[in-house]
Amino acid sequence: MGGFYFEEFWKPNSICTFTYMRKRLVVLTGAGMSAESGLKTFRDENGLWEGHDVTKVASPEGFRNNPELVLDFYNQRRRQLKETSPNKAHLTLAALESDLDVQIITQNVDNLHERAGSSHVLHLHGELTKVRSTGNPNNVKEWTGDLVLGDVCEQGHQLRPHVVWFGEDVPMMFRAVELCTRADLLLIIGTSLQVYPAAGLMHYAPEGIPIFYIDPRPNLNSHGNLKVIPKIASEGIEDFKEYLKNS
Ligand code: APR
């Protein structure tokens, strides 16, 4: 794969030095990335938001009105996650690290990228396997079992899922934007691009860099430097690998 280039650093009062740099591939993933692992997407037919009222299970108001319903929704997701494994597309992305500096920005709260072996994963919408104190958002804990009312932090505040709900800030957005601005290649996989600010990230990529969008029901058409691959993740990623081989 032709994924290497030299970058020159000039330091005042010193000789020029050359550093061996790998191309940076920034990947934005959504629920479709984990569909082949058996996890439901949100907006597809029979998706999670068809069976659940998003305002009731994924908003601060929902948690205030019926915390048990919200905790139960995420307990089900956490239990289901234990039964699933990374799919071929997760594994392929992890393997690309041998040639590229792969930086993943995921909207997914599952941990399948990490379990596939990816080293740099930024969770834009939080993580199912973490909880945090309702009294101190910086008090975040690993959590693999069920979370129930009465599970509290050291200061006695109820714990909540470490997930970004609708209407809440997206604290990792600044880091995600920064990653996109320094991308050499951008790959988008399995997202309907309906939810902001994540859907706007591609606009921070440097002008003209190659952008690929793998999705069987894509919400964009190929144009300019954007190439749409209308396939499921495990198949589309093979086309992307082919591009890397030939470029
Ligand atoms: N491979 C790739 N993509 C797929 C596959 C597959 N096997 N199956 C479905 N898809 C695509 C769908 O065509 C759709 O475009 O995955 C996308 C899933 O879209 P959404 O359900 O809207 O999920 P996502 O874009 O990740 O949602 C963003 O919305 O409610 C929230 O916080 C939640 O992070 C989530 C955010």
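Would you be able to say whether some residue in the stretch 37-54 is surrounded by 15 or more Cβ atoms within 10 Å (Cβ to Cβ), modelled with pLDDT of 95 or more and in contact with a His (Cβ under 8 Å, 6 or more places away or on another chain)? Yes, the stretch 37-54 has at least one match. Selection of first residues in the stretch 153-177 that are more than 18 Å from His123 (Cβ to Cβ) and of second residues that are surrounded by fewer than 16 Cβ atoms within 10 Å (Cβ to Cβ) and of a type in the set (Gly, Ala, Ser), restricted to Cβ pairs under 7 Å at least 6 apart or on distinct chains, gives the following pairs, ordered by first then second residue: Cys153/Gly135; Gln155/Gly135; His157/Gly135. Taking strands (runs of 3 or more DSSP E) as the structural unit, those lying wholly within the stretch 73-152 and holding at least 2 residues that are within 16 Å of the ligand (Cβ to nearest atom) and over 27 Å from Gly51 (Cα atoms) correspond to 121-123. Of the residues making up the stretch 43-57, those that are touching a residue at least 60 places away in the same chain (Cβ under 8 Å) and either touching a Leu at 6+ places or on another chain (Cβ under 9 Å) or assigned to a helix (DSSP H, G or I) (or both) are Val54, Thr55.
Residues that are assigned to a loop (DSSP other than H, G, I, E, B), within 12 Å of the ligand (Cβ to nearest atom) and touching a Pro at 6+ places or on another chain (Cβ under 9 Å) within the stretch 213-247 comprise Asp215, Pro216, Arg217, Pro218, Pro230, Lys231, Ile232, listed in sequence order. Residues that are more than 30 Å from Lys88 (Cα to Cα) and within 13 Å of the ligand (Cβ to nearest atom) occur at least once in the stretch 167-179. Per this entry, Ile237 is not counted among residues that are β-branched (Val, Ile, Thr), more than 12 Å from Ala183 (Cβ to Cβ), in contact with a Gly (Cβ under 6 Å, 6 or more places away or on another chain) and surrounded by 12 or more Cβ atoms within 10 Å (Cβ to Cβ). Please tell me if Ile188 is in a strand (DSSP E or B) and within 13 Å of the ligand (Cβ to nearest atom). Judged against the criteria, Ile188 is a match. When Ala199 is tested against (1) outside any loop (DSSP other than H, G, I, E, B); (2) within 12 Å of the ligand (Cβ to nearest atom); (3) touching a strand residue (DSSP E or B) at 6+ places or on another chain (Cβ under 6 Å), just one condition goes unmet, and that condition is (3).
The values are calculated or read from the model by the stated rules, or taken from the named source; none is laboratory data. As the structure is a prediction and not an experimental result, all values here were calculated from the model. Methodologically, a virtual Cβ is constructed for each residue, glycine included, from the backbone with ideal geometry; neighbour enumeration extends over all protein chains shown.
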